[in-house]
Amino acid sequence: MKVKIVFTLIQVLLGMSVLAQAEKQQTAMSTYVSALMKKMTTEEKIGQLNLPAVGFDVTGPVVSQGVDEKIRKGLVGGVFNTFTPIAVRKLQEMAVTRTRLKIPLLFGYDVIHGHRTIFPIPLGLSASWDTALIRKTAQAAAAEASADGLNWTFSPMVDIARDPRWGRVSEGAGEDPFLGAQVAKAMVRGYQGDNTYKDAHSILACVKHFALYGAAEAGRDYNTVDMSRVRMFNEYLPPYKAAIDAGVATVMSSFNEVDGVPASANRWLMTDLLRKRWGFKGFVVTDYTAINEMMAHGLGDGKEVARRAMKAPVEMDMVGELYLAHLPALVKEGKVTMTELDNACRLILEAKYKLGLFQDPYKYVSEERNEKEMMSGDKLMLAREAAIKSMVLLKNKGNILPLNAEKKIAFIGPLVKNKRDVIGSWSGAGDYKQAISVWEALEKRVTAAPIYYAKGCNLVDDTTLRNKLNPHGAMLEADSLSPEALIREAVEAAEKSDIVVVFLGEPFGMSGEAASRSEIGLLPNQKGLLVALKKTAKPIVLVLMNGRPLTLSWEDEHMDAILETWYGGTMTGPAISDVLFGDANPSGKLTMTFPRNTGQIPIYYNHKNTGRPFDAAQKYTSKYLDVSNEPLYPFGHGLGYSPFTYSGISLSSKSIQGASTITATVTVTNSGKYKGEETVQLYIKDVIGTVTRPVKELKGFQKVLLAAGESRKLSFSIGQDDLRFYNGELQLVAEPGAFKLFIGGSSEQIREASFVLQ
Ligand code: BGC
């Protein structure tokens, strides 16, 4: 007992000393920044709010001009798209030796799924459901980025996405707020470490795009968003909130409107919600020219939108330079107060202070570290592991996979030898030439029987589409052989083989920003190849590379196996070869629903029941005449080479009272021949609510590795906090009453129990 008291006392004292330390640091920072700001002119303060782009890779129609001169005049707070120690040193030197106040610059970049070593696209990573792994990828990305002169990444993107027509679903963690929140947290921690930036390996993260960018109408990028607050709070905001709670340093405002006001001018969003309700203490950067775009949104001229943005406020103006152009006059006229300008400037200077740039502006500029970090062996191993764990086996009829290396196999398709596409979009600093293609890996792997290759088709035949994608790095060209001749070659290769593995999907530019599609199936020429191969009557494995859920009804019916590999990154080839030949057992689970056809969109597992839920026997129920309500592959779905069986769900009690918790237990068995990992998912349904509640919501998951034949009992603890949601008054409450609980290997394959909250 005494020992316990002493221990608690020590803990309290330690806690107090950590707090005191933090307070001391905060005071030191305030004093430093206040002293600096006293010396600053209004123009220099405005300069801190300016973020031009210098380098390649622009994502909007405007390109920054005359940046060197602006830096020298103290009119730049940070730059983005510049990296490598040499380039960064040059600009930083300009800022700290040739300006009046020698204030260092921030260096930002879109480090989205790896920097030089490219990991699978974020949607793929999320399919691993492995937050420790995801955190490691962010940490590795930060290590490379920071060794390349960068101190700020525009990641994570945490926009909940339920519409796969939207190309940017590839950049996020899918449709679920609970999983999205876990991933957001993991990524912020990966990038920012313990938020002290003690060493030069951690960088500032930027959660984006605040807010609701993923809910663009009709899945068309940059389109209008409109939704109820109840939906916002329960379904779309949790991942942003999780990032804030994890201490994310910066936030990016989204292009879209929220409640009729574009995010960058939205005071409710930026002040009431983000700072007052959530307590965010960092700064907000706009998305690319988002302030200027408010003119097209219809909020007024350049001066007016700059004023509105300062009132929201958003502190940093990405590329648009409307703050630079209009704030001097707005401040003079008293339309923006000096206090508002000071607050914005202070937050940006504080970020620089926290990074340690005032002490050492070159902290992130190290040629030596650069040599050491880039694409190091441990990162490549991590990339291979991440690519393997991201893959989702959608179908595997008759256990045709893993492949038998004794058999003759034809590897067909325009993605077999491809390197450009496998690193996906938003892989700016990644060099596709360093990616390992599937073919390169296969040549090393298979020995027992011959393997054959045929291209089979062009990735894209449609010249209009090619012409849209090629100016943005797609490198799509028509083969010298005609489409018919390509198919003929493929059929010949198939005919001399025992089994056919076809690699199809989207070129990388068909997902990502400004890459919405109105139909999300395989392109007609690719489908034509599959139809021709099907006629050979050989078993076919379809391996997909793409950045969004696709409509695969025909493929599901006619292919023997389907393996979704997304864009696997630098180590795509070895990872796919590992999985195809059974050196690794696929374990990914979908984090976005795959619809049967485009007309079902938006389709997501955690939908509401409606007053007329589907009933086949009734005409007047919620359904389509031409397609079922069910998706093709549900959220959480994913097979492995061993099936997992679930048995004996039991609850420690039938009710939760006050702060008590109950434990749900289930036994999971690996009933196959291969060691494998299963993601066990816990869903809860709140049966009665003051507002309508989803048919089920993910509330927990655990990954478990089981040897062939092994069983394991798994427990989930459930308390009131897990049952909370935002009611009509936007209060976070748990309402007493009946609940259902489901555990299983997907959102549809579940075992059920019930309990009551008293
Ligand atoms: C995108 C952001 C990105 C920014 C900077 C914008 O077009 O929406 O996600 O961070 O460009 O490249």
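For the chain, the longest principal axis of the Cα atoms and the long axis of helix 131-146 meet at an angle of about 50 degrees.
Which percent of the accessible heavy-atom area of segment 40-371 goes to carbon and sulfur, probe 1.4 angstrom? Reported share for carbon and sulfur atoms: 50 percent. Rounded to the nearest Hz, the phi-derived 3J(HN,Hα) couplings of segment 736-742 under the Karplus curve 6.51 cos²θ - 1.76 cosθ + 1.60 (θ = phi - 60°) are x, x, 7, 9, 10, 10, 10, where x marks glycine and proline. Note on surface exposure: W152, W554, W439 rank W554, W439, W152 by accessible area, highest first, 1.4 Å probe. Residues whose amide H lies under 5 Å from that of V258, counting only those 5 or more places away or on a different chain, are A263; hydrogens are built 1.01 Å from N in the peptide plane.
For segment 411-482, GluC sites (Glu not before Pro) are listed when DSSP marks them as loop and at most 13 other Cβ atoms sit within 10 Å of their Cβ; the list is E477. Quick check on segment 365-438: take the gyration tensor over C-alpha atoms, sort the square-rooted eigenvalues as a ≥ b ≥ c, and tell me if it's rounded (a/c under 1.5), prolate or oblate. Prolate shape, in that a/c is at least 1.5 and a/b is the bigger ratio.
Sequence-ordered 3J(HN,Hα) estimates for segment 451-464 from the Karplus curve with 6.51, -1.76 and 1.60 and θ = phi - 60° stand at 10, 10, 10, 8, 6, x, 6, 6, 4, 9, 9, 5, 5, 4 Hz, glycine and proline given as x.
Against the chain, whose longest principal axis is taken from its Cα atoms, helix 302-311 shows a tilt of about 90°.
Where the centre of each part is set by its Cα atoms, how far does segment 683-732 sit from segment 632-656, in angstrom? So the separation of the two Cα centres works out to 12 Å.
Computed from phi, the 3J(HN,Hα) profile of segment 508-518 under the Karplus parametrisation 6.51, -1.76, 1.60 (θ = phi - 60°) reads 4, x, 7, 10, x, 5, 6, 10, 7, 10, 8 Hz, with x in place of Gly and Pro. Under a 5 Å amide H cut-off, with hydrogens placed 1.01 Å from N, L357 pairs with nothing among residues at least 5 apart or on other chains.
For R267, what accessible surface area do you get with a 1.4 Å probe? Give it in Å², rounded to 10. Looks like 120 Å² after rounding. Restricting attention to the chain, close to 55% of DSSP beta bridges with both partner residues there are antiparallel. Treating the angle as unsigned and between 0 and 90°, give the value, to the nearest 10°, between the Cα long axis of helix 322-332 and the longest Cα principal axis of the chain. So the helix axis and the longest Cα principal axis differ by about 30 degrees. Note on segment 644-757: Lys pairs 8 or more places apart or on different chains, Cα atoms under 13 Å apart, count 7.
Ignoring aspartates and glutamates fewer than eight residues from K185 along the same chain, the ones with Cα atoms less than 13 angstrom from its Cα are D130, D194, D245.
May I ask you to list the GluC sites (Glu not before Pro) in segment 653-738 that are in a DSSP loop and have at most 11 other Cβ atoms within 10 Å of their Cβ? Answer by residue number: E729. Our helix-only sum for the chain, with -39,500 (n - 2.57) per DSSP H run of n ≥ 4 divided by its residues, gives a mean residue ellipticity at 222 nm of -9000 deg cm²/dmol.
The values are calculated or read from the model by the stated rules, or taken from the named source; none is laboratory data. Since this is a predicted model, take the numbers as computed values, not measurements. Quick reminder, even Gly has a Cβ in these numbers, built from the backbone with ideal geometry, and neighbours come from all protein chains shown. Heads up: the accessible areas ignore ligands, DNA and RNA and are worked out on the full protein's heavy atoms, side chains in. Shrake-Rupley method; radii C 1.70, N 1.55, O 1.52, S 1.80 Å.
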